[in-house]
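Below: the structure, in structure tokens.
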Amino acid sequence: MCEFIAEFLGTMLLMLLGNGVVANVVLNKTKGQNSGWIVISMGWGLAVFVGVAVAGPVSGAHLNPAVTIGLAAAGLFAWSKVAMFIIAQMLGAALGTTLVWLMYRDHFNQTEDGDAKLACFCTGPAIRNIISNSISEIIGTFVLVLVIFYMVGPSLEGHGIEHAKLGLGTLGALPVGFLIIAIGLSLGGTTGYAINPARDLAPRIMHAILPMKNKRNSDWGYALVPVVAPIIGCLLAAGLFMFLSSASCPLIGLFN
């Protein structure tokens, strides 16, 4: 239960601050309106930093089903805990996004642009092309998970798999924040870089549920892209990591 609560709180803070910076930039009459993509990318990086700082010592701070599944696929996390972690992440993302809606409710009411309101909950493509959008999310998640593997290392000596806390928080929160900023600035312009199924799906559900003036549909036709593509990306990263970590790989010396 401690790990469940840590993942729940960490993901809640991630979404409160992450979608909070989007709301501050895109909604009408906020202090940060139109401050731009750099502010959004920095805000998301700092949001991850905060979430990892809180959850890391307890759960490893996955905060992302793609990270949880990637670590499990690489043999670094117990499959028996995967469902529990994902449920905690989904619930935390739903609560964090609901708090953004509550805090910025007056500004949601002052904003007529339904696309801007949707952006405060979930991602959407700059140019809609499902194949290209999926490739973008696969690449972004691949970078995220592969780098995390080398942040946390392949194992924690002296700990069994059921007890080793492998994830975003094992090295420290700051490098992970830098990683998210880098992905946002370099790779985020095509789809808004969900790179996290819980970050997109749970808020999209809340967008469909919560009352708002001038609300557009929740774009369920796109919703599978930021769910399925990050899973593919994390599995590709896990596969490459295991290959490079194998004793028969001639590149192993470059990574150890």
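A few remarks follow.
- Criterion (more than 26 Å from residue 208 (Cα to Cα) and free of Cβ contacts under 8 Å to residues at least 60 places away in the same chain) met by exactly one of 21, 25, 39: 39
For every residue, the table says whether it meets (1) within 19 Å of residue 230 (Cα to Cα); (2) free of Cβ contacts under 8 Å to residues at least 40 places away in the same chain.
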position: 75; (1), (2): yes, no
position: 78; (1), (2): no, no
position: 82; (1), (2): yes, yes
position: 90; (1), (2): yes, no
position: 102; (1), (2): no, yes
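- One residue stands out among those in the stretch 1-31 that are of a type in the set (D, E, K, R) and not in a helix (DSSP H, G or I): the one that is surrounded by the fewest Cβ atoms within 10 Å (Cβ to Cβ), which is 31.
- Among the candidates 246, 186, the residue that is out of contact with any strand residue (DSSP E or B) (no Cβ under 9 Å at 6 or more places or on another chain), closer than 23 Å to residue 36 by Cα and free of Cβ contacts under 8 Å to residues at least 12 places away in the same chain is uniquely 186.
- All positions within the stretch 32-48 that are surrounded by fewer than 21 Cβ atoms within 10 Å (Cβ to Cβ) and part of a helix (DSSP H, G or I): 37, 38, 39, 42, 46
- Taking the stretch 96-193 as the region of interest, the helices (runs of 4 or more DSSP H) fully inside it that hold 3 or more residues being within 21 Å of the chain's Cα centre (by Cα), crowded, with 17+ Cβ neighbours inside 10 Å and at pLDDT 95 or above are 114-119, 130-152, 173-187.
The values are calculated or read from the model by the stated rules, or taken from the named source; none is laboratory data. Please read all numbers here as calculations on a predicted model, not as lab measurements. Glycine also receives a Cβ, built like all others from the backbone with ideal geometry; neighbour counts cover every protein chain displayed.
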